[in-house]
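Right, one structure below, let's go through it.
The values are calculated or read from the model by the stated rules, or taken from the named source; none is laboratory data. Quantities reported herein were computed from a predicted structural model and do not represent experimental measurements. When we count neighbours, we look across all protein chains shown, and the Cβ atoms used for this are built from the backbone with ideal geometry, even at glycine. SASA here: full protein model, heavy atoms, side chains in, ligands and nucleic acids out. Shrake-Rupley method; radii C 1.70, N 1.55, O 1.52, S 1.80 Å.
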Amino acid sequence: MIAAHLLRWVCDPAKLEAIEGDLAELYGGHSGWRYVQEVVCVCLRQPRAAVRSFAAAVIALVLTSQAGPPARYTVHAADPAGEFALEILEGRAVSASLNGVRVPARDVVQHGDTLIIRRGDNGADFRLAIKPGGITWYPRQSVSR
């Protein structure tokens, strides 16, 4: 468990065995939230813990934060009908191109996470779903020339 690793990392080695024994006696191997809270309190009371506790807190915050997709990104993709690209800003499509040709803004329509490129699938509407950090779609069919 992370709390046990944190305790071993922060605690003075000379006191570690006694502290682990006390915690085991109190919690009997059940490591719930009270156990974690107790470990954090013990770590904060250790003399060499100031820098390590701060570092551990920063690492924990970074690891548990929910990092979302970047605010603006471009998706390049291909299917049997050819290549296409979408520029997405904060979950909204701001431009699209099909086979290197920019799609007029009036033909790029978005409702929620559904994007429709009018006449983008061999004359039919091309539908895509914008997901955090990417897209999903059913491949368009190629056209024989």
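Among the strands (runs of 3 or more DSSP E) confined to the range 95-135, the ones with at least 1 residues that are closer than 15 Å to Ala77 by Cα are located at 114-121, 124-131. Filtered by the rule that a residue be open to solvent by less than 30 Å² (accessible area, probe 1.4 Å), more than 24 Å from the chain's Cα centre (by Cα) and closer than 20 Å to Lys131 by Cα, the range 79-96 gives Asp79, Phe84, Ser95, Ala96.
Tell me, which residue of the range 97-145 that is among the charged types (D, E, K, R) and at pLDDT 90 or above is surrounded by the fewest Cβ atoms within 10 Å (Cβ to Cβ)? Step by step, filter the range 97-145, then rank; the result is Arg106.
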